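The structure under discussion appears below in the form of structure tokens.
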Amino acid sequence: MRLLIVRHGEARVPASGGEQALTERGHQQASARAQSLLKEDVDVLFHSPKLRARQTAEILHRQGVGGLMQCDERIVPNADISEVEALLEEQDMNTIALVSHLPLVAQLAAWFCDGQLDSPRFSQYSPTGLVVLELDVIGRGCGHLDRFEAAHV
């Protein structure tokens, strides 16, 4: 399985609580990330239910990333890694993209590549940053890092 882990675009902190929406720069970042992902044949694009992740996923999907787009409660910021593993195990697809948040995106990359939840090499996961992994099986330390890219904008 090919797994693409995308952090949502830059978001603003609302003045009176509520959901964080993408900034104009966040929209530009998501659009640039979409262009870089068009060469990937993404079967399904999962996103967190949080607004900033949903907006990022919608931009990616509108620009042609992913055949299917689906919200999943298991990929929120402080999700349990075992829940994400369960989500991935349920899929019978070659390429899956996840749009989520810190700390989860960095933890997933570290878990699958290094077998731990914290790794210095994934500490600089910028908005719309991308990790692409090849997973022979779904589990701790079973991923091979294809690439790690910062945001384009």
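Annotation: the range 59-107 has a Kirkwood hydrodynamic radius of 11.8 angstrom, from the mean reciprocal C-alpha pair distance. Taking every protein chain into account, the accessible area of the chain amounts to 45 square angstrom per residue (probe 1.4 Å). Here each label is just a point 7 Å from Cα along the line to Cβ, and for D146 and I81 those points are 2.2 nm apart.
Peptides 73-84, 28-39 ranked from most to least packed, by the mean per-residue count of other Cβ atoms within 10 Å: 28-39, 73-84. Based on the convex hull around the alpha carbon atoms, the range 1-57 presents an average projected area of 4.1 nm². Computed extension length for M93-R12: 25.8 nm, one decimal, from 0.36 nm per residue of separation with the Cα-Cα distance subtracted. Would you calculate the separation in nanometres between label points at L51 and T23, each defined as 7 Å from the Cα along the Cα-to-beta-carbon direction? Roughly 1.6 nm, to one decimal. For the range 86-153 versus the range 6-65, the inter-centroid distance based on Cα atoms is 16 Å. Over the C-alpha trace of the chain, radius of gyration and Dmax come out as 14.1, 45 angstrom. Ordering S126, S48 by accessible surface, largest first, gives S126, S48; the 1.4 Å probe counts only protein heavy atoms, with every chain in place.
The values are calculated or read from the model by the stated rules, or taken from the named source; none is laboratory data. Everything numeric in this text was worked out from a predicted model, so none of it was measured. Ideal geometry is used to build each Cβ from the backbone, glycine not excepted, and the neighbour counts take in all protein chains shown. Keep in mind that these areas ignore ligands, DNA and RNA; they rest on the heavy atoms of the full protein, side chains included. Shrake-Rupley method; radii C 1.70, N 1.55, O 1.52, S 1.80 Å.
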